[in-house]
Amino acid sequence: MEGGVNPPSDEREGLQVRLPPLTDEELAHFVREGLWVAKIATHNEDGSIRMTPLEYAVGEDGDIIFSTWENSDAVRNVHRDSRASVLIDRSDQPHAGVHYTGQAQTGPETTTPEEHAKLFGRYVGGLEEGARWYENVMSLGLGQRAYIRFHPAAMITWDFGKIQRS
């Protein structure tokens, strides 16, 4: 994420509100350590937007990784149209977050419970709990799992905590 993601260009640049951004260090900590639920926006077949809230992990390359069901609308949409946006934000005050635009890809999830726990275990208490949670989900017979890997191309960050209150 740091170094390779550019702010989006906008012909209306003079009309944009400029909120205090997260620094690269703050952003790295925010997305890697937070227990936020990300929202991935994909394009439905009819052109409308589908917002899907999902837990996420950050890959070593800075990609955002999601784990979901293979038959989900988000997976079907990414198969058809790789354009996507991801919003990761803190809804508690002071509000902060990042909005990415970029491309996504999807495929069958082939991670072991231990590998899955390394990515997502922070949501359920750690590695051991994460592996048990994944084994349990896979044993329910609810279908196959798939990954969505989102590659950011542009981003905007904000941190309302940096706005001085009078």
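Rule-based calculations on the coordinates, nothing more; no lab input. Small disclaimer: the values here were computed from a predicted structure and weren't measured. As a convention, Cβ positions derive from the backbone with ideal geometry for all residues, glycine included, and neighbour counts pool all protein chains shown.
Sorted from greatest to least, the principal axis extents spanned by the alpha carbons of the stretch 36-103 come out as 36, 27, 20 Å.
3J(HN,Hα) couplings calculated from phi for the stretch 74-79 with the Karplus curve 6.51 cos²θ - 1.76 cosθ + 1.60 (θ = phi - 60°) are, in sequence order, 4, 5, 4, 5, 5, 4 Hz; Gly and Pro show x. Based on the Kirkwood approach, the hydrodynamic radius assigned to the stretch 118-166 is 14.6 Å, with every pair of different Cα atoms included. Computed across the chain, the Kirkwood radius stands at 17.0 Å (inverse of mean 1/r, all Cα pairs).
Relative contact order (percent) for the chain, with alpha-carbon contacts under 8 angstrom and 6 or more residues of separation? Value for the chain: 30 percent. The equivalent ellipsoid that matches the C-alpha gyration tensor of the stretch 50-145 spans semi-axes of 22, 19, 12 angstrom, in descending order. Within the stretch 26-70, which residues have the backbone N less than 12 Å from the label spot 7 Å out from residue 137 along Cα→beta-carbon, could you tell me? Zone members listed by number: 54-57, 66-70.
Each Lys or Arg adds one and each Asp or Glu takes one away; over the other residues whose Cβ falls under 11 Å from the Cβ of residue 37, this sums to 0.
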